[in-house]
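**Q** Below is a structure I'd like to ask you about.
The values are calculated or read from the model by the stated rules, or taken from the named source; none is laboratory data. Computed from a prediction, not measured in an experiment: that's the story for all the values here. Note that each Cβ is placed from the backbone with ideal geometry, even for glycine, and that neighbours are counted across all protein chains shown. Just so you know, the surface numbers come from the protein's heavy atoms only, side chains and all, with ligands and any DNA or RNA stripped out. Shrake-Rupley method; radii C 1.70, N 1.55, O 1.52, S 1.80 Å.
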Amino acid sequence: MREPLTLDDFARLARGQLPAATWDFIAGGAGRERTLAANEAVFGAVRLRPRALPGIEEPDTSVEVLGSRWPAPVGIAPVAYHGLAHPDGEPATAAAAGALGLPLVVSTFAGRSLEEVAHAASAPLWLQLYCFRDHETTLGLARRARDSGYQALVLTVDTPFTGRRLRDLRNGFAVPAHIIPANLTGTAAAGSATPGAHSRLAFDRRLDWSFVARLGAASGLPVLAKGVLTAPDAEAAVAAGVAGIVVSNHGGRQLDGAPATLEALPEVVSAVRGRCPVLLDGGVRTGADVLAALALGARAVL
């Protein structure tokens, strides 16, 4: 292949180099993967309405999110175990994001410590959190993030347990022994190598919106809710005091048959009514996709 020019080019290269089961874990979705496919397909149905002769010499792609100005309305969404794709893992991702001035959302299930990732970063860092049955595990991570200079917390609200991901089940996928959840050592959440078992063993299924205030009070950081797809949940999130909402279906990895995120975006934006920024993840592959999300009300995409 010639020099890769698109994310699809990079994906093809990665698929040729990664073990098949690892690729399936990274790229797969829940159930029949209808929602996974829909996330991209909906962008393909968008038609842009260009304006001729706008009189602008250089477009300004920067955007302000939670008090920080990003040079483009794009951040890196949380993904577990970057070491599955490259031995340098999350610090390398943070360094690359920093070179562009773009934010990285670090996963609870990172393979490197929060502090090590922060040391490599030169752009905003946010920490994605699951709520564990032992709430002190979650609150402790939040305080560590604050002390390491992270600027926000992203509470995942669509995962009382992980979705039924058939590729992983068929492959018997387990995280290799040399890759560990570096920030969860000594907790119940670190007790299994299979992602599904992580959630069964450790996630708090009784989680409700009251935890947003508790998380903010413990850390002093703004809290965003990731996994909102409907107006009622958007209203509940705003009422709970979130600093932002991420319209997300977990990359099609949770509830197969849930709406594509771009489909859900206008409903959520309408419900929020400008009271907090709305971001979107899922299916974004090109600059035109970013533009479509912004035109439909997103402040930025992950």
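**Q** Kindly provide the set of residues from segment 250-274 that are on the phi > 0 side of the Ramachandran plot and open to solvent by 30 Å² or more (accessible area, probe 1.4 Å), ordered by number.
**A** Gly257, Arg273, Gly274
**Q** Another question about this same structure. Let me confirm something: among Glu115, Glu64, Glu58, which residue is over 15 Å from the mean Cα position of the chain (by Cα), open to solvent by 20 Å² or more (accessible area, probe 1.4 Å), modelled with pLDDT of 95 or more and under 29 Å from Leu296 (Cα atoms)?
**A** Answer to the check: Glu64.
**Q** Still on this structure, I have one more. In segment 67-97, what count of residues is obtained for those that are among the small types (Gly, Ala, Ser), over 14 Å from Val301 (Cβ atoms) and open to solvent by 10 Å² or more (accessible area, probe 1.4 Å)?
**A** 8
**Q** Limited to segment 119-155, what total is found for residues that are surrounded by 20 or more Cβ atoms within 10 Å (Cβ to Cβ), out of contact with any helix residue (DSSP H, G or I) (no Cβ under 8 Å at 6 or more places or on another chain) and without any contact (Cβ under 8 Å) to a residue 60 or more places away in the chain?
**A** Counting residues in segment 119-155 that are surrounded by 20 or more Cβ atoms within 10 Å (Cβ to Cβ), out of contact with any helix residue (DSSP H, G or I) (no Cβ under 8 Å at 6 or more places or on another chain) and without any contact (Cβ under 8 Å) to a residue 60 or more places away in the chain gives 1.
Results for (1) at pLDDT 90 or above; (2) part of a helix (DSSP H, G or I), shown as yes or no for each residue.
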position: Val175; (1), (2): yes, no
position: His178; (1), (2): yes, no
position: Ala182; (1), (2): yes, no
position: Ser199; (1), (2): no, yes
position: Val212; (1), (2): yes, yes
position: Ala217; (1), (2): yes, yes
position: Leu224; (1), (2): yes, no
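**Q** Test Trp126 against the criterion of being within 22 Å of His250 (Cβ to Cβ) and modelled with pLDDT of 95 or more, and give yes or no.
**A** Judged against the criteria, Trp126 is a match.
**Q** Let me ask something else. In segment 96-109, is there at least one residue being in contact (Cβ under 8 Å) with a residue 60 or more places away in the chain, over 16 Å from Gln151 (Cα atoms) and out of contact with any Leu (no Cβ under 8 Å at 6 or more places or on another chain)?
**A** no
**Q** Follow-up. Any chance you could count how many residues in segment 119-153 are in a helix (DSSP H, G or I) and out of contact with any Pro (no Cβ under 9 Å at 6 or more places or on another chain)?
**A** Summing the residues that are in a helix (DSSP H, G or I) and out of contact with any Pro (no Cβ under 9 Å at 6 or more places or on another chain) in segment 119-153 gives 13.
**Q** Name every residue in segment 20-53 that is loosely packed, with under 15 Cβ neighbours inside 10 Å, outside any loop (DSSP other than H, G, I, E, B) and free of Cβ contacts under 8 Å to residues at least 12 places away in the same chain, in order of residue number.
**A** Within segment 20-53, Gly44 is the sole residue that qualifies.
**Q** Give the residues of segment 221-236 that are touching a helix residue (DSSP H, G or I) at 6+ places or on another chain (Cβ under 6 Å) and open to solvent by 40 Å² or more (accessible area, probe 1.4 Å), sorted by residue number.
**A** Glu235
**Q** Determine which member of the set Glu58, Glu3, Glu64 is in contact with a Phe, Trp or Tyr (Cβ under 8 Å, 6 or more places away or on another chain), of a type outside the set (A, V, I, L, M, F, W, C) and without any contact (Cβ under 8 Å) to a residue 60 or more places away in the chain.
**A** Only one candidate qualifies: Glu64.
**Q** Would a scan of segment 282-296 turn up a residue that is modelled with pLDDT of 95 or more, in contact with a strand residue (DSSP E or B) (Cβ under 7 Å, 6 or more places away or on another chain) and more than 19 Å from Leu7 (Cα to Cα)?
**A** Looking through segment 282-296, none of the residues is modelled with pLDDT of 95 or more, in contact with a strand residue (DSSP E or B) (Cβ under 7 Å, 6 or more places away or on another chain) and more than 19 Å from Leu7 (Cα to Cα).
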